[in-house]
Every structure is written in structure tokens, then in C-alpha cells.
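J.: Have a look at the structure that comes next, please.
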């Protein structure tokens, strides 16, 4: 699955580069600030060459998910009103990954995030995700 996503990313990047060959390159714009009442999912990783993560986010009323770094690709799919699958692809480092809107009247303790898979930037799946950690905190 990660290989398919990375292949799609490379194909899109090549097509974009060809289409923009005569245009000046602009730096990535900063990611928009998270909406009010949001939480941020942050990563602790033992590695410096992570290239893709598959995360399951659970909790009530999951909406308005967005990536924390505009240099990473971000895909999300709602499995239900209380579960979403998220894929982050790029030069992944420790720190904020993505944010989501907290449902009205709900506490951060009602939400959880788990890492399902991790791939290196060289497109190899990590044998274990045991030393990875995700935390959910309030946005600044």
C-alpha cells in the first residue's frame, strides 16, 4: 500500500515538474493554522529516515483534518464518524504530523492515535512500530 502511494506521489511530482518547466519554482506555502478547538497529533520516532506513516485516529466526531507541514503529502479517509485512517508521506521527522477538530464538548482524552505501518524514505516497511509514539495535544 505504501509503495502504491509513493509511486502515485512520484508520478504526480514528475507530471507537475514537466507541467511547470517554464515557471519559476515557489517555496511551499506554510500550512494553514489549525481551526479553533483543534488538537494536534505529534510523532516520536527512533529513526531519521521515515518516509511514510499509516495512522488510525479514533474518537467522536472526527472532522477537519489537515497536515502540519505543507512539505508532506496528506491523505485521510473516514472509516466512520469515530475512526479515520491517515497517511502522511514525505521527509517525516519527530514533531507535529496533523491536526483535527475536536467535537464540541469532548475532551482530548476521548481521542487516540495508533501507528499501523511505517516505511523508510527508501520504501522499505519497518519490521516493528513498537518504538514509535503518537501523542495528542491541544493546539497552541
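J.: Out of the residues in region 32-52 meeting the condition of being surrounded by 15 or more Cβ atoms within 10 Å (Cβ to Cβ) and under 19 Å from residue 137 (Cα atoms), tell me which one is modelled with the lowest pLDDT.
T.: Going through the qualifying residues, I end up with 34.
J.: If you scan region 96-125, which residues turn out to be more than 17 Å from the chain's Cα centre (by Cα), farther than 19 Å from residue 67 by Cα and in contact (Cβ under 8 Å) with a residue 24 or more places away in the chain?
T.: 104, 106, 110, 122
J.: Can you find, within region 55-64, the residue that is farthest from residue 105 (Cα to Cα) among those that are in contact with a strand residue (DSSP E or B) (Cβ under 7 Å, 6 or more places away or on another chain) and surrounded by fewer than 20 Cβ atoms within 10 Å (Cβ to Cβ)?
T.: Top of the filtered list is 56.
J.: Quick one: residue 51 ticks every box in (1) within 21 Å of residue 101 (Cβ to Cβ); (2) in a strand (DSSP E or B) bar one, so which box is it?
T.: Only one criterion in (1) within 21 Å of residue 101 (Cβ to Cβ); (2) in a strand (DSSP E or B) is unmet by residue 51, namely (1).
The values are calculated or read from the model by the stated rules, or taken from the named source; none is laboratory data. This is a predicted model, so every value here is computed, not measured. Backbone-built Cβ (ideal geometry, glycine too); neighbour counts: all protein chains shown.
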